[in-house]
1. For each of Val121, Val298, count neighbouring Cβ atoms within 10 Å of the residue's Cβ, then give the residues from fewest to most.
2. Find the relative contact order for the chain and round it to a whole percent, using C-alpha pairs within less than 8 Å whose residues are 6+ positions apart.
3. Pairs to check: Lys213/Lys299; Lys92/Lys326; Lys92/Lys213; Lys120/Lys145; Lys213/Lys326. Give those whose C-alpha atoms are more than 20 Å from each other in this structure.
4. Roughly speaking, what is the stretch gain from Gln344 to Asn71, that is 0.36 nm per residue apart minus the C-alpha to C-alpha distance, in nm to one decimal?
5. Using a simple spin-label model with points 7 Å from Cα along the Cα→Cβ vector, what separation in nm is obtained for Phe64 and Met45?
6. For the residues Asp230, Asp342, what sequence is obtained by ranking on other C-beta atoms within 10 Å, fewest first?
7. For each of Tyr117, Tyr54, Tyr59, count neighbouring Cβ atoms within 10 Å of the residue's Cβ, then give the residues from fewest to most.
8. Looking at the chain only, what percent of DSSP beta bridges run antiparallel? Nearest 5 please.
Amino acid sequence: MRQPAHGGNLAWAAALAGCPPDAILDFSASISPLGPPNSAIAAIMSQFGNLQHYPDPAYSDLRFALGHFHNLPPEWILPGNGSAELLTLAGKELSQLAATTLITPAFGDYYRTLTAYNAKVLEFPLDLTNKSHLSLVPNQRQMMKDKGLLLNNPHNPTGKLFSRSAILPYLEEFALVVVDEAFMDFVPPNEEQSLIPLIQEYRNLVVLRSLTKFYSLPGLRLGYAIAHPDRLSQWQLWRDPWPVNTLAAAAAIAVIEDREFQQQTWLWLPPARNQLFQGLATIPGLQPETSAANFLLVKSQHSISQLQQRLLKQHQILIRDCLSFKELGDRFFRVAVKSESDNQRLLTALNSVL
């Protein structure tokens, strides 16, 4: 079986480890261990009787709920079959520009969607020594008016959080700016740097959000785009009808109103992340990077391909190698932040195999 480019491929991991998929402790996919929330389960169960009907093609209730959540009119929201579907639509539009700028290392799905539409890609390396700085080559910035910018915040795979003020200048310089905020939910409200409050000021801005990581619902495939209604109307023409199923739409409406679960997550993450960070930092040969998200990037003096296989075969633990990030290669891995006991199990296993 071919090694996956993404995290969360338990079938591949189980085949390598020689165990059932549900025996794998998965640190490769950055999904919260606290969910799915009870509110999501209840909402899903309430909709079983509606499975005999097509969803509302306009997703009026869902768009209204998301608009209320972000204090925006519903026509500024477009739900999708995961943020991956919406990224594909963004890639189609970006391909119509002269080129698209990526901050590297970049999420592999960005290359997928841009390559699918034969977009020209310009790569600019992220300064890994600066926690929030975002800078492109100065002598080329004046040439960006006919180009697009695609980046994520917090950044994947480093976990760095760019300040809103750091991104703001690029809204004036690029023809289209697409900001993937798939992990922004994990940043507490008093610290988050979302560009959603600026969306109505900048016609060239698109923000992508995911509901699957924070609320532990990756199997439902649900995300949404926030952008000018004219742009979203065009995107709607490019895709199939009914991309969001009835169960996912109901779950989304429920979870964004689940203030208790949101608060629980914001209280859980910092100490759990610190526990994992401190534990990794004490293991010789490992150097974790600070992160604002629910994952940590770790530099290693050891081959990650070998380390990944030993963890799977000896401990049934899956970590995310960074081979798909060409700038990182076989000396970095990424791990999700999980429960205290699971974090400790990973630390114990790493001490054992290293």
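1. Val121, Val298
2. Computed over the chain, the figure is 25 percent.
3. Where the Cα-Cα span goes over 20 Å, the pairs concerned are Lys213/Lys299; Lys92/Lys326; Lys92/Lys213; Lys213/Lys326.
4. 94.3 nm
5. With each label placed 7 Å out from Cα toward Cβ, I get 2.6 nm.
6. The fewest-first ordering by Cβ neighbours comes to Asp230, Asp342.
7. On the way: Tyr117 14, Tyr54 10, Tyr59 22.
Placing the least packed residue first, the sequence is Tyr54, Tyr117, Tyr59.
8. 50
Readers should treat all values here as calculations from the given coordinates under stated rules, not as data from a laboratory. Here the structure is a predicted model, which is why all the values come from computation and not from measurement. Here the Cβ is made from the backbone with ideal geometry for all residues, glycine too, and neighbour counts use every protein chain on show.
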